[in-house]
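Beneath this line is the structure, given in structure tokens, with notes to follow.
The values are calculated or read from the model by the stated rules, or taken from the named source; none is laboratory data. Keep in mind that what you see is a predicted model, and the values were worked out from it rather than measured. Positions of Cβ are backbone-derived with ideal geometry, glycine not excepted, and every protein chain shown enters the neighbour counts. Keep in mind that these areas ignore ligands, DNA and RNA; they rest on the heavy atoms of the full protein, side chains included. Shrake-Rupley method; radii C 1.70, N 1.55, O 1.52, S 1.80 Å.
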Amino acid sequence: MSCITIVQIFTMVSPAAEGGKSIFADGFAAAERLRIADPTSFNVLCTTVRRYRSIDDATGWHLEARGPVISAVNRKNKEHLWGPVTAIRHNDLDRLPDLPPPPSCGTFDTTWKKEQEEFYEKLQIAHSKWDEILGSDEFRLVMDLQPGDTVLVANQRCLHGRTSFSTFEGSRRAVMGCYVSQDELDSRFRRAGFQLH
């Protein structure tokens with residue numbers, strides 16, 4: 001998770017008997033909508049470092065990462081603080097509880113308690129606004145993938161999920177997937193003769 005995967009590849013092996021459609025959303029477009037609709041929430045999601053963890057006992061993985069939901073170029077300009085969005089991190093299943101910043105006054109007193117409450121309130125509002133935008137059909141593409149259909153996802157831009165599904169005896173939904181890092185992708189482009197910056 002610290003070595004960012006740039007492309008995630010999904011191949012549908014066996015679709016569900018009922019439901020299980022794939023959902024994709026343009027995270028950059030959703031972030032720009034949030035920037036326009038609620039600049040304060042956009043700023044909160046750009047500045048709050050979230051913690052993520054994924055543990056899979058079956059495969060032996062224990063991955064951890066930190067970063068804001070929305071990464072954008074910091075222009076360090078009070079009027080136009082944030083430049084272009086560069087990455088999205090959104091995974092409610094792997095997100096750990098948020099920790100408030102340390103006390104601004106250096107002591108854990110009533111001022112810090114108030115700062116904590118404000119931190120969680122702003123974060124809750126920002127996350128609710130973000131979820132509302134992501135829940136909108138405006139940014140969603142829903143696909144009913146068939147066996148052999150393969151989708152490449154720009155993992156730092158495209159959000160992906162699926163609808164609920166049902167399986168029956170003798171049926172199951174199976175998707176194969178893998179990740180490609182930026183180094184691997186750049187290597188393939190160079191071997192194919194492309195000049196990279």
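Restricting attention to region 162-177, the residues being in contact (Cβ under 8 Å) with a residue 24 or more places away in the chain and either in contact with a Phe, Trp or Tyr (Cβ under 8 Å, 6 or more places away or on another chain) or open to solvent by 90 Å² or more (accessible area, probe 1.4 Å) (or both) number 8.
Just one residue in the set Gln116, Gln195, Gln124 is in a loop (DSSP other than H, G, I, E, B) and not aromatic (Phe, Trp, Tyr); that residue is Gln195. Within region 72-88, the residues that satisfy the criterion of being in contact with a strand residue (DSSP E or B) (Cβ under 6 Å, 6 or more places away or on another chain), open to solvent by 60 Å² or more (accessible area, probe 1.4 Å) and free of Cβ contacts under 8 Å to residues at least 60 places away in the same chain are Val73, Arg75, Pro84. Of all residues being under 14 Å from His90 (Cβ atoms) and not small (Gly, Ala, Ser) in region 50-65, which is most open to solvent (accessible area, probe 1.4 Å)? Just the residue, please. In this case the residue turns out to be Arg51. When you scan region 170-182, do you find a residue that is modelled with pLDDT under 90, assigned to a loop (DSSP other than H, G, I, E, B), β-branched (Val, Ile, Thr) and at negative phi, even just one? No, the conditions are met nowhere in region 170-182. Return a yes/no flag: does region 109-121 have any residue that is closer than 27 Å to Arg162 by Cβ, out of contact with any Leu (no Cβ under 6 Å at 6 or more places or on another chain) and open to solvent by less than 50 Å² (accessible area, probe 1.4 Å). No, region 109-121 has no match at all. Considering region 12-49, the residues that are crowded, with 20+ Cβ neighbours inside 10 Å and polar (S, T, N, Q) include one that is farthest from Asp144 (Cα to Cα), namely Thr48.
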